[in-house]
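These notes concern the structure reproduced below.
The values are calculated or read from the model by the stated rules, or taken from the named source; none is laboratory data. Here the structure is a predicted model, which is why all the values come from computation and not from measurement. Glycine also receives a Cβ, built like all others from the backbone with ideal geometry; neighbour counts cover every protein chain displayed.
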Amino acid sequence: MNEPHSKYRFGALPPKEFEWQLGKTAGSIAFVRSCYQVLVEGSETLKTENEILNFGIEAVKSGKLVVTREFTASQWFEWLRDTGLFDKYKAGEATLEQLLPRFD
């Protein structure tokens with residue numbers, strides 16, 4: 001029983017690749033899935049968009065961003081473009097931190 005991964009055998013904990021989901025909201029998990037979907041399907045996405053998506057994913061996984069409602073990557077980029085934050089980031093006038101949506 002001293003095997004390093006024996007605690008995963010009987011479903012006590014999720015597989016390592018899903019451990020980040022523990023304690024996260026359904027909205028946060030769905031948001032990350034949405035971002036991954038865009039990254040996988042989006043061979044046409046720009047380097048800047050990929051950078052923003054990866055930052056959003058890491059923000060959720062680290063707990064810096066908590067998504068409390070249904071919110072997709074498409075909605076995020078629409079919001080970034082509507083507020084002008086996307087263009088500001090591309091011009092170096094905004095940081096990745098400033099691009100994170102707020103759910104207050």
| note | Scanning the stretch 53-104 for residues that are β-branched (V, I, T) and within 18 Å of A30 (Cβ to Cβ) gives I57, V60, V66, V67, T68, T72
| task | Mind telling me which of the residues I57, I29 ends up being among the hydrophobic types (A, V, I, L, M, F, W, C), at pLDDT 95 or above, in contact with a Cys (Cβ under 8 Å, 6 or more places away or on another chain) and at negative phi? | result | I57
| field | Single residue of the stretch 32-54 satisfying the filter (under 14 Å from F77 (Cβ atoms) and among the polar types (S, T, N, Q)) that is modelled with the lowest pLDDT | value | T45
| message | Suppose we keep only residues that are of a type in the set (S, T, N, Q) and outside any helix (DSSP H, G or I) within the stretch 51-102. Which one would you say is surrounded by the most Cβ atoms within 10 Å (Cβ to Cβ)? | response | T72
| message | Every residue in the stretch 11-20 that is touching a Lys or Arg at 6+ places or on another chain (Cβ under 9 Å) and part of a helix (DSSP H, G or I), please. | response | W20
